[in-house]
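Student: For reference, the structure I am asking about is given below.
Values quoted throughout were computed directly from the atomic coordinates according to the rules given, and no laboratory measurement underlies them. This structure is a prediction, so every number in the text was calculated from the model and none was measured. When we count neighbours, we look across all protein chains shown, and the Cβ atoms used for this are built from the backbone with ideal geometry, even at glycine.
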Amino acid sequence: MINVLLMKAGVIGSGTMGSGIAQLMAMAGEEVLIYDNNPQACKRAQAKLEKIMQRLVEKERLSAEEAQAALSRIVFVDNLMAFADCKLVIEAVVEDLKVKCDLFERLEDICSSDCLLATNTSSLSVTSIAAACDRPQRVLGMHFFNPAPLMKLVEVVPALQTDRLWLGRVKEWLTKWGKTPVEAKDTPGFIVNRIARPFYGEALRILEEGLADEATIDWAMTELGGFRMGPFTLMDYIGNDVNYTVTETVFKAFYYDPRYKPAFTQKRLAEAGWLGRKTGRGYYDYEPDASKPQPRKDPDLGEKIFRRIVLMLINEAYDALFWKIASAEDIELAMTRGVNYPKGLLLWGKEWGYDYCVEAMDELYERYREDRYRCSPLLRELAQQG
Ligand code: NAI
């Protein structure tokens with residue numbers, strides 16, 4: 001059967017995200033061009049893609065022919081002019097507004113008017129990138145998660161100027177590639193990186209207050225909470241530099257809302273170069289002879305930790321709904337598919353009871369007298385409705 005949706009797509013940036021996005025599109029049958037202004041990066045990406053395909057064949061996820069065909073659909077180009085007949089271009093270069101704006105300005109002259117220009121930015125305003133174009137109607141955010149070929153969720157973020165006609169087409173493409181698109185308002189952190197902040201932030205507060213150590217907090221969240229990884233294990237996996245930067249960016253972008261205030265502990269770790277797994281040391285020591293710290297498996301303490309972190313996540317999810325960042329359905333999808341939470345946070349809140357959530361938030365607020373613990377107006381309204 002001929003797939004009428006097949007197209008030629010362009011990817012700019014051949015780093016972690018660019019090469020992953022190119023891989024997933026090629027595996028879905030699209031023809032993909034990749035451009036990177038660093039020829040060494042292209043070479044590295046090409047070698048990495050070959051290795052990944054080889055591994056997929058070894059694991060019998062793909063036949064040798066399918067792997068070869070997917071690889072042959074990815075073409076590395078040394079000039080952006082090659083993108084002239086692309087129907088979609090996804091930019092995945094460094095997270096720098098000026099670099100991205102310059103690129104979009106150039107793309108506008110190269111790509112035909114029916115080509116969609118997308119950015120994979122995770123923290124910049126899509127609207128400000130679109131503003132670099134004379135025809136910003138065809139610019140939007142397509143926020144993939146790492147590793148892009150595996151992670152199902154993609155946040156689709158229309159800029160203020162985006163023509164909504166594009167949204168349907170983008171969601172169709174993503175669905176065809178096996179992805180789950182959700183639509184997010186162009187606000188800091190979109191859905192996932194906003195709602196997930198307390199998973200790290202509240203865990204760090206509990207650590208800094210001395211209520212429990214990293215291993216105990218991780219144990220509470222995995223064993224009692226059902227999360228796949230505890231916050232400290234996950235931060236070490238993501239990289240403390242990357243995670244700190246996201247937190248700081250969201251904090252600044254929210255005009256220093258104390259709810260998103262970064263933790264000194266994480267800043268110090270980043271400064272020390274204790275970035276996590278990639279440097280052999282983070283919250284935990286990953287050297288081969290290092291001993292693993294044991295959690296204090298006290299059920300009452302564990303319950304307290306898990307309840308406090310999940311409560312803050314629930315509050316954040318209801319607040320995102322209150323501010324119309326996304327629909328309830330998309331918020332649930334984002335957190336269960338994007339970051340593999342064991343349950344949708346809105347459902348979790350409903351199950352715990354709105355009264356309980358409001359009381360528990362107010363208790364934290366009373367204790368600390370910090371705006372960080374303000375209860376979402378939506379949770380309060382729902383509790384009042386009974
Ligand atoms: P990376 O550093 O691995 O790759 C960036 C690539 O862009 C490099 O190969 C670099 O040579 C190239 N580049 C820089 N300036 C360029 C230019 N003017 N023209 C062409 N190529 C250029 O970065 P990564 O992690 O892939 O991130 C890319 C984008 O994706 C960023 O906007 C980031 O915020 C976003 N993102 C990253 C995620 C992650 O987990 N790494 C997750 C979701 C989004």
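Student: What number of residues within segment 233-292 are within 14 Å of the ligand (Cβ to nearest atom) and small (Gly, Ala, Ser)?
Tutor: 3
Student: Within segment 53-66, is even one residue of a type outside the set (Val, Ile, Thr), within 16 Å of the ligand (Cβ to nearest atom) and either on the phi < 0 side of the Ramachandran plot or surrounded by 15 or more Cβ atoms within 10 Å (Cβ to Cβ) (or both)?
Tutor: Residues of segment 53-66 that are of a type outside the set (Val, Ile, Thr), as a first pass: 53-56, 58-66.
Those left that are additionally within 16 Å of the ligand (Cβ to nearest atom): none.
No, segment 53-66 contains no residue that is of a type outside the set (Val, Ile, Thr), within 16 Å of the ligand (Cβ to nearest atom) and either on the phi < 0 side of the Ramachandran plot or surrounded by 15 or more Cβ atoms within 10 Å (Cβ to Cβ) (or both).
Student: Any chance segment 174-186 includes a residue that's over 20 Å from ALA328 (Cα atoms), touching a residue at least 12 places away in the same chain (Cβ under 8 Å) and assigned to a loop (DSSP other than H, G, I, E, B)?
Tutor: Yes, some residue in segment 174-186 is over 20 Å from ALA328 (Cα atoms), touching a residue at least 12 places away in the same chain (Cβ under 8 Å) and assigned to a loop (DSSP other than H, G, I, E, B).
Student: Tell me which residues, restricted to segment 80-99, are near the ligand (Cβ under 10 Å from one of its atoms) and touching a strand residue (DSSP E or B) at 6+ places or on another chain (Cβ under 7 Å).
Tutor: LEU80, ILE90, GLU91, ALA92, VAL93
Student: Right, another one. Please note which helices (runs of 4 or more DSSP H) are completely contained in segment 271-386 and include at least 1 residues that are surrounded by 13 or more Cβ atoms within 10 Å (Cβ to Cβ) and under 22 Å from the mean Cα position of the chain (by Cα).
Tutor: On the way: elements: 299-322, 328-333, 345-352, 354-368, 377-385.
Here the list reads 299-322, 328-333, 345-352.
Student: Take the residues in segment 246-270 that are over 19 Å from the mean Cα position of the chain (by Cα) and assigned to a loop (DSSP other than H, G, I, E, B), then tell me which one is farthest from GLY230 (Cα to Cα).
Tutor: TYR255
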